[in-house]
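Novice: Below: one structure in structure tokens.
The values are calculated or read from the model by the stated rules, or taken from the named source; none is laboratory data. This is a predicted model, so every value here is computed, not measured. Cβ sites come from the backbone with ideal geometry, for glycine too, and all protein chains shown count toward neighbours. Keep in mind that these areas ignore ligands, DNA and RNA; they rest on the heavy atoms of the full protein, side chains included. Shrake-Rupley method; radii C 1.70, N 1.55, O 1.52, S 1.80 Å.
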Amino acid sequence: MGDRRPVMRLFVAIYPPIGVARAMLQTLRAVGLAEHREALDERVHMTLQFVGDTDERQLDEVTESVERAAAGIGAFELRPVALVSLPERGEPRLVAMKTDAPPEILEIQRRLAKRLARRPQERQGFLPHLTLCRFVGAAVRVDREVELEAFRVDAVCLMNSKLRPGGAEHVEVERVRLG
């Protein structure tokens with residue numbers, strides 16, 4: 001038998017307040033999409049960096065990278081600006097809430113990518129967005145401006161995604177406060 005080490009599927013994310021997530025999902029429902037699988041309120045998030053499968057023995061190193069990426073950056077606001085289909089080219093797979101891109105989020109994401117991206121292409125092309133649904137059947141293009149309140153971001157979270165038959169379960173590993 002081979003040596004089996006515990007593996008975590010890690011990512012770094014921002015979670016909006018639950019009321020904001022609900023408002024985003026309500027805006028999505030108003031579009032009237034056909035076949036799609038909507039995110040649960042508590043799973044609506046913005047992935048800043050996908051880390052991927054990580055041996056549990058590397059957890060301290062990854063946590064330190066997240067802490068260093070957030071160091072010296074204060075809390076900031078994110079403003080939802082549009083519902084969009086992604087990817088922007090090719091067949092859409094999901095609908096997301098695109099946000100503005102304040103310098104703080106761009107700097108945190110740049111630092112995370114520099115420290116945690118495993119392939120060079122993972123260091124480019126960050127589009128701030130929160131995934132709201134994935135298409136199940138026929139996909140459609142959505143590009144609709146929205147007027148929703150900005151929300152305060154005062155932490156980034158290192159998360160473990162546990163894949164389950166009913167969808168992924170997000171378990172917080174570490175919360176790093178900003179400011």
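Novice: If you check 166, 72, 90, 137, which single one turns out to be exposed (fewer than 12 other Cβ atoms within 10 Å of the Cβ) and in contact (Cβ under 8 Å) with a residue 40 or more places away in the chain?
Specialist: 137
Novice: Still on this structure, please answer the following. Taking the range 97-134 only, how many residues are basic (Lys, Arg), assigned to a loop (DSSP other than H, G, I, E, B) and free of Cβ contacts under 8 Å to residues at least 60 places away in the same chain?
Specialist: Within the range 97-134, residues that are basic (Lys, Arg), assigned to a loop (DSSP other than H, G, I, E, B) and free of Cβ contacts under 8 Å to residues at least 60 places away in the same chain number 1.
Novice: Please determine whether any residue of the range 82-101 is under 18 Å from residue 157 (Cα atoms), touching a Lys or Arg at 6+ places or on another chain (Cβ under 9 Å) and not hydroxyl-bearing (Ser, Thr, Tyr).
Specialist: No: zero hits.
Novice: Now, a different point. Can you tell me which residue within the range 112-134, out of those that are under 26 Å from residue 75 (Cβ atoms) and at pLDDT 95 or above, is most open to solvent (accessible area, probe 1.4 Å)?
Specialist: Among residues in the range 112-134 that are under 26 Å from residue 75 (Cβ atoms) and at pLDDT 95 or above, the one most open to solvent (accessible area, probe 1.4 Å) is 129.
Novice: What number of residues in the range 140-163 are part of a strand (DSSP E or B), open to solvent by 70 Å² or more (accessible area, probe 1.4 Å) and either closer than 16 Å to residue 9 by Cα or in contact with a helix residue (DSSP H, G or I) (Cβ under 9 Å, 6 or more places away or on another chain) (or both)?
Specialist: So the answer is 3.
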